[in-house]
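Read the structure below first, then the notes.
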Amino acid sequence: MYRLARTGGTPELLRGLARRADGWAGILDADGTLLQAVAGNIRLPAHEAADLAARAARELTERGASSYALDADGRTALLFPMERNHRNLSPDPSRHDGTFSDRGFVDRSSPDRAPLDGTSGKHGPVVAVVAPGPMPEGLPTLLADAVMPLGLSWAAESVERKRRRVDLAESRGREAVLHLLMTGQLSIAHQVAGALRPRLPDPVRVCVVECSGSRRDEVARICADASSGRTWIVRCPVYARHLILIAPADEEAEERTPESGRTLGLAVADLVDDCVVGVSEEVGLPDTATAYQQAFHALAVARGLPGRHARFGAMPEPALLVGAVGASWAEALLAPLLNHLPRRTQDPNSQELSATVASWLAFSSHATQHLKIHRNTLAARLKFVGELLGLDLNRVEDQAAVDLALRIRATPSLNRAAPGRLEAGRDAEALDTVLRAPGVQDWAAQQLRLIAEAGPMGEETLRTWLRSEAQLSLTAAELGISVAGARKRITRLEALLRRSLLRTPSARYDLWLAFRATDLNAA
């Protein structure tokens, strides 16, 4: 019995009792609620046994007994409270000062016994065995002997369950803080993060660590040790194999571990054999969303490197290059969304709709996991946003426009009214005006110089892919190659561009803008 308690815990002990009784065994709360049980058999269906045990548990609680036996329909339920220091426990009337009634046998041998939960006349969990008649010989004694190992196993497992609930609550809290940072709600993020450790750093570098899903908790502990507890670690709500590290980027730490002086990303890549790490540039805490996308793009590059570690390659952000005209265009484009007032209190407001479309642009269908909403809810919100903006969000062209507008709006230096407002802010001509800006033209040329290294085939593949709404099957059909061949081509271009294309967050929107800006310049 004690061997079963050590190796199999409560489930194995209950199975052993059920086999000995040729019936059913389980643990119930004082009010008869079933907490854990093993299956019954043909002679004694589980639901019938559980009903009888629940009835007996309620009667035991009402009578304040130290053990209880109840006969009904040729079946016997035996119950004991799960206490550690029980003496002389057995519902055998020859061993106790008890009485049988029409409802069962009540043990009154310990009338002054303290209740398990410290309240008058009530027990904590009770262990029950239901056996079809006749009752196997020695079963009451066996059950009495099993109470202590069952109680110890149940207590240990209860502590473990509570620990897991605490871990889950902390994980969800960290996930909520990350979501608030991604949506720019810094003050609320600091308030929620105040109950957790460490404090949110500023400025930061973001690392995305990809590891096997079964090792994510272990890798999280390694990351915490490697950074001496200074890094904010979040289990990615979208990708089950990813950890997101928000590390302090101050001059003293510079993401370096105290032991070796290596950067945190390099240390983790060295310590965990099968992990890959992408690291962002140093940014302010309000730009956490940008840093996350940078780290994600660096991760795509790191997968192809022997060291399994890469930093984001410095590249100008197009939202910083559009100037006042771009700010006005973004304001005009997003105005119907930002000024939207829901007709009903349960309908999403402008902030929720904006967060939904931003999450979808970043994570595609995985936005349901990020936002914790149903896919039908996501589809309905996107359809409504498209109607508000007068755009078809199934087209990469319109997706790129909304993505750029949201990035411009999230840029503090541009997020204000500016001269040179574009009246036709939602027209394609207005976006073309923004893309003709000298800074944007230089940015586009820099993008295409990288693509040129792959030769004409690289540009043709990317343009076809974008025309095909980033669908590999359509791209392969137009190029006359297999889907696997199209995927390999784009994967090679990911390494060349140092950006993720096939996995979200994807650089497809930047590529579309770069090609459009280049075409305008050529025209």
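Values quoted throughout were computed directly from the atomic coordinates according to the rules given, and no laboratory measurement underlies them. Just so we're clear, the structure is a prediction, and the values are computed from it rather than from any experiment. Using ideal geometry, Cβ is built from the backbone for each residue, glycine included, and neighbour counts are taken over all protein chains shown.
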Label point distance in nm, residue 217-residue 164, each placed 7 Å from Cα along Cα→Cβ: 0.8
Debye log10 I(q)/I(0) for region 319-424, one point scatterer per Cα, at q = 0.10, 0.15, 0.22 Å⁻¹: -0.28, -0.63, -1.22
Exposure proxy ranking, count of Cβ atoms within 10 Å, fewest first, for 370, 309: 370, 309
Spin-label pair residue 320/residue 520, simplified geometry with 7 Å Cα→Cβ offset, distance in nm: 2.1
Given charges at Cβ of Lys, Arg, Asp, Glu: region 157-259 dipole, positive-most of 201, 188, 248: 188
Projected area averaged over orientations for region 200-311, convex hull of C-alpha atoms, nm²: 6.1
Inter-site label distance for residue 471 and residue 43 at 7 Å from Cα along Cβ, in nm: 6.3
Contour minus Cα-Cα distance for residue 72 and residue 187 (0.36 nm per residue): 35.1 nm
Quotient of Cα Rg and 2.2 N^0.38 Å for region 436-523, N being how many residues it contains: 1.05
